[in-house]
Structures are given as structure tokens and as C-alpha cells.
Amino acid sequence: MADTQVVIVGAGPVGLTLALDLGLRGVRCTLIERNMTSIRLPKMERCNARTMEIYRRLGISERVRDAGLPRNAPMDVFLALSMAGPALAHLPCPSVSEAKAAIAAHNDGGLLEPYQLISQYTLEPLLRSIVADLPSVTLRFGCELISFTQEADSVSAVVQSNNVTGETIRTSYLVGCDGGTSSVRKQLGIRLDGDGNIRKLRQALFRADDLYERIPIGKGRHYHIAEGPLFPFLILQDSTRHWTLHAAASSDAEMAEIFRKSVGLPIEFEMLSVNEWTHHLLCAERYRDGRVFIAGDAAHLVIPTGGLGMNTGVGDAADLSWKLAATLAGWGGPQLLESYDAERRPIGLRNVRASRIAMAGRLGWRAAYQPNIKDNTPEGAATREKIAALFDIEQRKVTEISGIESGYRYVNSPIVWQESGDGPDPNSLTYFPTAWPGARLPHLWLSDGIALHDRLGPGFTLLRLGGTKADTSSLEQSFGKMHAPLEVLEVANQRAREIYEYDLLLVRPDLHVAWRGNNLSDEEGAQIAATAAGRSRFS
Ligand SMILES: Cc1cc2nc3c(=O)[nH]c(=O)nc-3n(C[C@H](O)[C@H](O)[C@H](O)COP(=O)(O)OP(=O)(O)OC[C@H]3O[C@@H](n4cnc5c(N)ncnc54)[C@H](O)[C@@H]3O)c2cc1C
């Protein structure tokens with residue numbers, strides 16, 4: 001017998017989310033991380049709406065919010081010559097409290113959770129502490145994967161910890177969540193396609209205790225400074241006392257001076273760290289090789305403009321987790337694990353494209369920069385007006401992409417029932433609710449004020465809407481024969497019937513729609529169940 005059911009390599013946000021989801025499903029897994037501690041450098045700072053829905057489902061969304069930026073803090077985005085002002089352009093974005101109030105006031109099939117600003121160096125230790133409490137997860141920090149081999153029914157992973165090499169962990173499956181330089185991906189010989197090493201930037205972390213309270217142009221999360229060719233960009237971190245500065249500076253030493261000028265106010269500050277990082281737009285040619293999978297940055301690398309790095313990886317984890325759990329439990333058929341690549345790689349490619357568009361948007365307004373931007377002349381005023389007008393259009397490709405974040409659909413998935421026709425555009429920048437098979441189930445408030453998402457258990461759910469009398473016994477019995485978990489939920493709520501457009505919906509454990517219809521024959525019921533569980537009809 002294998003020592004563990006799943007070895008997860010890498011305790012970044014994706015490996016930790018996968019461990020949490022698998023752990024909650026009772027899967028025995030071992031998470032190995034070569035570093036002794038979680039990340040200390042700033043990287044990602046925004047969990048998007050879909051990630052927060054996934055965290056809600058995992059029971060931790062409010063803990064993430066408690067640890068993150070205060071709920072009433074504005075999330076606005078500014079373009080200015082310095083933080084001292086004046087603002088050239090201003091994109092207001094609701095605070096979490098405002099966004100939550102708007103969500104509570106609508107029942108139109110939108111999103112259940114808004115975004116949350118939380119620094120990666122806060123999120124990772126939080127996830128780690130939550131995962132550490134799960135009895136089925138073993139956390140091993142200071143343990144590095146050296147190599148692995150695959151056999152017919154297991155994977156043997158050779159690891160090194162405490163400078164001791166040669167320990168072998170036998171496992172049923174191994175998942176490389178080991179970041180952009182993934183040794184799992186490299187050992188499998190999986191190529192990254194796209195554009196690598198596009199440009200280098202410097203990022204510095206500053207502590208400035210009283211800056212946030214004193215910003216004359218207003219409180220927000222992003223401050224773009226219209227100063228070419230460096231184009232400094234300041235990002236608020238969750239404590240409101242820490243800031244990151246990104247700039248195309250040629251040395252570490254320059255960063256403190258760029259910060260001082262970008263702030264434009266006499267404040268005290270301390271530069272805590274500087275590091276260089278590189279833009280890539282890459283996606284792996286495949287996400288699986290036998291019993292080994294890759295997820296997160298190991299599988300796709302985007303420019304963080306648009307925040308589609310970690311957030312895409314959290315989506316990978318949510319997709320892979322239930323499929324691994326189902327396969328290990330014995331009811332998941334071979335198509336289930338096969339569908340991980342079929343579902344998530346197109347999303348990886350799509351999000352790399354969206355990130356390219358977002359970056360092009362940013363470069364678009366920056367191209368309007370002229371050295372006369374600060375001049376008190378008609379030409380200077382024209383430059384300011386032009387860059388501000390372009391910012392107002394182009395920067396929205398970064399900040400207003402709810403469709404990319406939450407509207408992805410598993411088109412052509414082998415475990416999703418295919419409807420005829422193309423369905424709504426799965427690549428729209430704006431989110432439009434749809435229950436087309438493969439899409440995430442739109443959120444809906446039930447009459448008692450509970451979100452339907454919260455009513456759905458960890459397995460499949462058959463939603464019976466609008467008091468339908470349809471006979472669904474063949475579907476239910478087929479799930480029973482496979483020992484696949486299925487709950488049947490009667491939802492009388494008329495709004496649900498209107499938004500979902502059908503009487504019957506089969507919803508997967510990750511809340512994507514597997515099938516919808518108004519009735520089904522015995523034969524169809526059996527086929528739909530087998531497809532959703534990743535089995536061919538008679539297996
Ligand atoms: C400046 C910046 C800003 C960003 N902003 C955002 C944002 O706002 N939103 C967003 O979604 N994304 C953002 N990102 C991207 C985000 O940081 C990454 O997508 C995210 O860290 C990927 O998570 P991961 O778990 O896949 O990989 P990583 O975070 O890279 O974690 C991989 C882990 O694997 C470990 N590891 C590697 N090899 C081994 C081995 N052989 N054995 C054991 N352990 C190993 C590493 O030590 C590491 O801890 C940003 C990135 C940068 C650089």
C-alpha cells in the first residue's frame with residue numbers, strides 16, 4: 001500500500017488550496033515544501049471573486065477577509081503624477097463591504113463573493129495553519145522533491161529533508177504545485193508554449209506607517225504614476241502600512257528614490273526588500289502525465305496584470321481535487337482525471353490571452369506619455385488629458401474582467417453533457433450568468449436568504465426546480481449503482497427556474513453544471529450519470 005494517496009509538491013497558495021480541498025474530502029495527502037517557512041516576499045495581493053467563492057465553499061472565506069485588507073477600505077485605482085496629486089484619472093472600485101451590500105441586494109444570478117485584497121505573505125501562512133489542523137494532511141516543510149518515478153499503480157517520490165537524501169514516499173498520485181520553475185514539469189519533459197522572459201521589473205516592499213491616512217488624492221489600492229520611462233506603480237498591501245513599488249529600474253538602489261518621488265509627500269519610510277522578477281506569458285503543452293499532474297504556476301505563467309496568476313491556480317486545485325478524491329474512492333471513472341487537462345488547459349491558455357490583453361491595455365495608455373506631462377502649457381494639458389482618457393478605457397481591461405474571472409466554461413469537456421449550439425461567449429470580459437453545461441452555477445439567493453451555493457454538499461447535486469414532476473429515478477439509481485454521491489434538492493424558488501432556464505440541473509462537486517434539461521429518459525439518465533462520473537456508459 002502507498003504511504004499516502006497524494007503527494008503535493010509545493011506549499012504556495014495553489015498547493016495549500018489543493019491540500020485543503022483534498023484534506024476536507026478525507027484524502028490522505030502529504031504536502032512537501034522545500035523552504036522551512038512560507039513566502040516572505042510580496043507577490044500576489046488580490047483573491048478574485050471566483051477564488052473567494054471557492055474559499056467560501058472550503059469554509060474559509062471570512063477568515064481570509066479577517067486577515068486581509070479591512071472590509072470597508074476602498075479598492076480604487078488612480079493615475080497621477082504623484083500620490084500628492086492631482087489625480088489624472090480615477091477608477092472607483094467598491095470596498096468589500098459595498099460590494100457585499102450590492103450582492104445582498106440583487107438576485108440576478110451574479111457572483112456570490114467579491115474580491116479580497118490579501119498579501120500572499122499573509123495568505124500562505126493562514127492557509128498553512130488551516131491545513132495543519134486537517135488530520136488527513138501531513139505537512140512537511142524543509143522537504144524537497146528530488147526526483148520521481150511512475151509505476152503502474154503508484155508514484156515513488158525521492159525527497160530530501162534535513163540534508164538527508166534518499167527517502168522515498170510512495171503515493172497513488174503526485175501533483176506538482178511547484179511554481180514557474182517546476183521540477184515536476186521539467187522531469188516530465190512538458191514544454192511551456194508562448195512568450196517567456198518578456199521584460200524584467202523590480203519590486204520593492206516598503207513600510208510607511210502614516211502614508212495611507214495622508215494620501216491627498218484618496219484612498220485606494222493601486223496608484224499608477226504617469227512618469228515614463230519607469231512608470232512606477234504602487235500597490236497597497238493588506239496591513240495598509242506596507243506598499244509594493246514596481247518599476248523598470250536598473251538597480252535596487254534606485255527604488256527608494258523612485259518611491260519617495262512617487263509618493264510626493266514628506267513621509268517616513270523604510271525599504272524592506274527589493275527583488276527582480278520577469279514577465280512571462282506561457283502555458284504548458286499538457287497538464288498530466290499518467291499519475292502525475294501539474295497545477296498553478298507550474299502549468300501557466302501570466303503577467304500579474306489582471307491578477308490571473310494564483311487565481312487561475314486556485315481554479316486548477318478546485319477542479320483537480322474532487323476528481324482525485326473520486327478516483328481514489330473508486331467511483332470516478334478514467335475520464336475524470338483525463339478531463340483535468342481537457343478542462344483546465346483551455347482556461348490556462350485563455351487566461352494567458354486575457355493577461356496579454358490586460359498588459360496591452362496598460363501599455364496602451366502608457367504610450368500616450370510625453371515628457372511635457374507636468375508642463376503648465378496647453379501641450380502639457382493635452383498630454384494629461386489624452387493619457388487620462390486612454391487610462392479610463394484601457395485600464396478597465398485589467399480591473400473589470402469579471403467574465404474572465406468567473407465566467408469560464410468547460411467547453412468540450414468529456415465529463416460535461418454537450419448541448420447543441422455554441423452557447424454564450426465563454427471569453428467575455430463581463431460576467432453574464434449562464435447555466436450552460438460546463439459553466440459555474442450562477443449564484444442565487446433562496447427565499448430564506450441562504451445562498452443556493454451554500455446548500456450544495458461536497459458531492460453531486462440534482463436540482464429540481466419550479467415544482468417539476470419529472471421522473472429522475474434513472475439518474476439517481478445510476479449514481480447509486482456507481483456509489484457516487486448525489487443529493488437531490490427541490491428548489492421551489494421561481495427565480496431559480498428563471499435564471500437557470502431549465503427544470504433539472506446536475507451540479508458537480510466543484511459547482512460547475514454537468515447537465516441540464518426538463519426531463520430525461522431512463523437511457524439518458526444512465527448516460528448522463530456515467531458521463532459526469534467520468535465513465536463510459538457500461539464501465
Ligand atoms: C509581483 C507579483 C504580483 C502578483 N500579483 C498577483 C495577483 O494579484 N493575483 C494573482 O492571482 N496572482 C498574482 N501573482 C502571481 C502569483 O504570485 C503566482 O501565480 C502564485 O504564487 C502561484 O502560486 P503557486 O502555488 O502555483 O506557485 P508558487 O507560489 O511559486 O509556489 C511554489 C512552491 O513550490 C515550492 N517548491 C518548488 N520546487 C520544489 C521542490 N522540488 N520540492 C518542494 N517544494 C518545491 C516553492 O518553494 C514554492 O513555495 C503575482 C506575482 C508577482 C510576481
Rounded to the nearest 0.05, what FRET efficiency is calculated for K481 and R286 with R0 set to 35 Å and r the Cβ-Cβ distance?
0.60
Unit charges on C-beta of K, R, D, E only; dipole of the chain, Debye:
480
Please find the FRET efficiency linking A492 to A105, where r is the Cβ-Cβ separation and R0 is fixed at 30 Å, and quote it to the nearest 0.05.
0.85
Averaging sequence separations of C-alpha pairs under 8 Å and six or more residues apart, then dividing by the length of the range 416-539, give the relative contact order as a whole percent.
31
Can you tell which of Y369, A358, L324 lies farthest toward the positive end of the dipole of the range 303-390, using +1 and -1 charges on the Cβ of basic and acidic side chains (Lys, Arg; Asp, Glu)?
Y369
Run through the DSSP bridge list for the chain and note the antiparallel percent, rounded to the nearest 5.
70
Within-10-Å neighbourhood charge of E268 [Cβ basis; K, R +1; D, E -1]
-2
How about the range 78-179: which GluC sites (Glu not before Pro) there lie in a loop by DSSP and see at most 13 other Cβ atoms within 10 Å?
E151
What does the accessible area per residue of the chain come to in Å², with a 1.4 Å probe and no ligands, DNA or RNA counted?
39
Per the rule of 0.36 nm per residue minus the C-alpha distance, extending K374 to R214 adds in nm 55.4 nm
Could you compute how much accessible surface S447 exposes when probed at 1.4 Å, giving the result in Å² to the nearest 10?
110
The range 226-300 versus the range 409-488: alpha-carbon centroid distance in Å
39
Using the basic label-point model (7 angstrom from Cα toward the beta carbon), what is the W277 to A360 distance in nanometres?
2.4
Would you please put 293-300, 517-524 in order of how densely packed they are, using the mean number of other Cβ atoms within 10 angstrom per residue and starting with the highest?
293-300, 517-524
Length-normalised contact order of the chain, Cα under 8 Å, at least 6 apart, in percent, tallies to 15
Exposure of T434 as accessible area (Å², to 10), given a probe of 1.4 Å and all protein chains
30
Could you please state, rounded to a whole Å, how far the C-alpha centre of the range 1-19 is from the C-alpha centre of the range 151-170?
14
In deg cm²/dmol, rounded to the nearest 500, the helical mean residue ellipticity at 222 nm of the chain, built from -39500 (n - 2.57) for every DSSP H run of length 4 or more, is -10000 deg cm²/dmol
When we measure straight from the Cα of K43, which lysines land under 18 angstrom away, once same-chain ones fewer than 8 places off are left out?
K200
Modelled label reach - L41, point 7 Å along Cα→Cβ, the range 216-253 residues with backbone N closer than 17 Å:
235, 243-253
Principal axis dimensions, the chain - Cα atoms, whole angstrom, descending:
77, 61, 37
For K261, project a label point 7 Å along Cα to C-beta. Then give me every residue of the range 363-380 with its amide nitrogen under 11 Å of that point.
none
Order these peptides, 120-132, 55-67, by their mean beta-carbon neighbour count within 10 angstrom, highest first.
120-132, 55-67
Surrounding charge for L429, neighbours by C-beta under 9 angstrom, Lys/Arg +1, Asp/Glu -1, total +1
Heavy atoms of the protein only, probe of 1.4 Å, neighbouring chains included. What is the accessible area of K186 in Å², nearest 10?
120
Which net charge results for the neighbourhood of L211, defined as the other residues with beta-carbon distances under 12 angstrom from its beta-carbon, given Lys and Arg at +1 and Asp and Glu at -1?
0
Starting from 0.36 nm per residue, how many nanometres of slack lie between R71 and K200 once their C-alpha separation is accounted for?
43.1 nm
With all protein chains present and a 1.4 Å probe, how do M44, M36, M271 order by accessible area, largest first?
M36, M271, M44
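The values are calculated or read from the model by the stated rules, or taken from the named source; none is laboratory data. Since this is a predicted model, take the numbers as computed values, not measurements. Cβ atoms come from the backbone with ideal geometry, glycine included; neighbour counts cover every protein chain shown. Ligands, DNA and RNA are excluded from the accessible area calculation, which covers all protein heavy atoms including side chains. Shrake-Rupley method; radii C 1.70, N 1.55, O 1.52, S 1.80 Å.
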